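This report refers to the structure that appears directly beneath it.
The values are calculated or read from the model by the stated rules, or taken from the named source; none is laboratory data. Just so we're clear, the structure is a prediction, and the values are computed from it rather than from any experiment. Here Cβ is always computed from backbone atoms with ideal geometry, including for glycine, and neighbour counts include all displayed protein chains. Areas reflect the complete protein model, heavy atoms only, side chains present, ligands, DNA and RNA absent. Shrake-Rupley method; radii C 1.70, N 1.55, O 1.52, S 1.80 Å.
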Amino acid sequence: MSDTLLSRFLRYVQVDTQSDESSDSYPSTPGQLELLRMLKEELAALGVVNPQITEHGYVLGTIAATPTKHQAPTIAFLAHVDTAPDFSGKGVKPVVHRQYSGGAITFPDQPRLILDPASSPELLTARGKDVVTASGMTLLGADDKAGVAVIMTLVEALLSGGIEHGEIRVCFTPDEEIGRGVDHLDPKLLGAQAAYTLDGGAPGEISWETFSADAAEVTIEGVSTHPMEARAKGMVNAAHLAGKFLAALPRERCAPETTEGRGGFIHPVRIEGRVERARVNLILRDFELAGLDYKGRIIQEICQALRTAEPAARVHCEIRKQYRNMAYWLSQDMRPVDFAREAFAAIGLEPRDLAIRGGTDGSRLTEMGLPTPNLFCGERNPHSPLEWVAVQDMEMAVQACLKLAEIWAREP
């Protein structure tokens with residue numbers, strides 16, 4: 001299986017599918033559509049029932065239930081094709097490190113870049129495995145093309161027979177990395193009673209709890225004059241006020257780089273501006289809604305302080321909902337999680353619950369009525385040139401999903 005799984009993965013990561021939050025199209029970039037069309041054709045070649053691509057780029061396919069399991073619940077597996085805009089994904093050159101020995105990994109196109117177990121101890125879990133990295137100038141794209149490759153290999157294994165299962169639906173989505181992954185996906189299109197995203201890290205990880213998330217945009221309108229008469233004419237420098245806004249954020253106790261575990265954060269992700277106008281975009285994260293609301297109030301209070309200090313400026317703050325902690329809904333029916341734990345244990349893995357300091361397509365799907373926990377697919381160091389994945393970890397994800405399909409088939 002490894003050669004087929006690996007060859008798929010290597011092919012997928014070489015398609016530039018970075019999403020673009022400034023784009024109004026859907027998918028937001030043409031490279032995503034290129035890969036999505038490729039996946040639709042591959043599903044057809046494997047024998048999937050009625051593979052299709054929707055007008056918004058979602059690729060859907062069905063694996064019919066085995067003859068005695070038509071009454072079993074339908075389950076779905078999803079992965080996203082886009083890669084993060086945080087670091088370049090153009091011209092990815094994957095490098096396979098066969099039977100990784102346990103030492104530091106260097107990169108051919110960036111010799112000063114080092115992936116070292118001293119700073120990434122999880123790398124030692126891959127000793128003896130086949131590790132894939134990029135060449136040093138790009139991210140790899142294992143987030144989430146590892147999940148894509150796992151699902152395609154799962155499809156092939158299910159269609160080859162030997163496992164009794166109910167109807168299985170598969171779906172590949174665009175633009176997850178910019179928060180639009182299921183904007184145009186009606187859960188009714190999947191027709192499933194439960195679903196799983198393959199978008200996680202170490203073997204055995206099950207994530208049924210995520211951050212809740214909002215986005216904030218602070219816009220500051222200043223007063224522009226020629227600097228030679230700025231004092232006399234009452235210049236108000238919007239760029240300077242944006243700096244004051246950033247300086248007032250509680251970074252020491254409420255930033256991604258200063259928090260961990262269940263600590264939420266306020267994270268400025270983009271700033272642009274001139275004297276007359278500046279804009280700051282932020283993301284707010286917390287596991288609890290009360291904590292998320294509190295972070296929104298912090299931003300609003302800083303904005304009010306700027307208005308008081310500079311009455312001539314106009315300061316506007318807009319906060320919009322992104323996604324909510326899937327645990328609010330999954331905790332009411334833990335069968336999808338319990339079955340995943342059972343599947344992992346059955347193939348020799350120790351199940352481990354991991355609360356995600358982020359979100360998945362499953363966060364919103366769960367809120368929309370389709371319970372969708374997240375499962376491991378082996379991706380490590382995402383959004384980084386140090387990203388890596390072990391082929392054998394992806395193989396274990398395939399085996400786990402096969403067992404999961406078998407377990408769901410027991411249900412009436």
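Taking the numbered list (1) small (Gly, Ala, Ser); (2) surrounded by 20 or more Cβ atoms within 10 Å (Cβ to Cβ); (3) without any contact (Cβ under 8 Å) to a residue 60 or more places away in the chain in turn, residue 390 passes all entries but (3). Entry remark, the stretch 162-176: residues being open to solvent by 40 Å² or more (accessible area, probe 1.4 Å) and either within 12 Å of the chain's Cα centre (by Cα) or free of Cβ contacts under 8 Å to residues at least 40 places away in the same chain (or both) number 1 in total.
Of the strands (runs of 3 or more DSSP E) entirely within the stretch 13-86, those holding at least 3 residues that are closer than 27 Å to residue 192 by Cα and more than 17 Å from the chain's Cα centre (by Cα) occupy 49-53, 59-63.
Among the residues of the stretch 70-110, write down those that are surrounded by fewer than 14 Cβ atoms within 10 Å (Cβ to Cβ) and either touching a residue at least 24 places away in the same chain (Cβ under 8 Å) or closer than 30 Å to residue 167 by Cα (or both). Let's see the steps before the verdict.
Looking only at the stretch 70-110, we keep the residues that are surrounded by fewer than 14 Cβ atoms within 10 Å (Cβ to Cβ), and these are 70-71, 86, 90-91, 96, 98-99, 101-104, 108.
Across the stretch 70-110, the qualifying residues are 70, 71, 86, 90, 91, 96, 98, 99, 101, 102, 108.
Checking each residue in the stretch 242-272 for being small (Gly, Ala, Ser) and touching a Lys or Arg at 6+ places or on another chain (Cβ under 6 Å) picks out only 264. With under 20 Å from the mean Cα position of the chain (by Cα), crowded, with 24+ Cβ neighbours inside 10 Å and acidic (Asp, Glu) as the only criterion, which of 367, 379 stands out? On inspection, the qualifying residue turns out to be 379.
Within the stretch 153-210, count every residue that is within 23 Å of residue 26 (Cα to Cα), touching a His at 6+ places or on another chain (Cβ under 9 Å) and hydrophobic (A, V, I, L, M, F, W, C). The number of residues fulfilling the criteria is 2. When the residues of the stretch 8-64 are filtered to those that are among the polar types (S, T, N, Q), more than 14 Å from residue 170 (Cβ to Cβ) and open to solvent by 50 Å² or more (accessible area, probe 1.4 Å), the one that is modelled with the highest pLDDT is 14. Would you point out the residue of the stretch 200-240, among those that are part of a loop (DSSP other than H, G, I, E, B) and among the hydrophobic types (A, V, I, L, M, F, W, C), that is least open to solvent (accessible area, probe 1.4 Å)? Only one residue tops the list, namely 211.
When the stretch 178-199 is filtered for residues that are open to solvent by 10 Å² or more (accessible area, probe 1.4 Å) and within 25 Å of residue 392 (Cα to Cα), only 199 remains.
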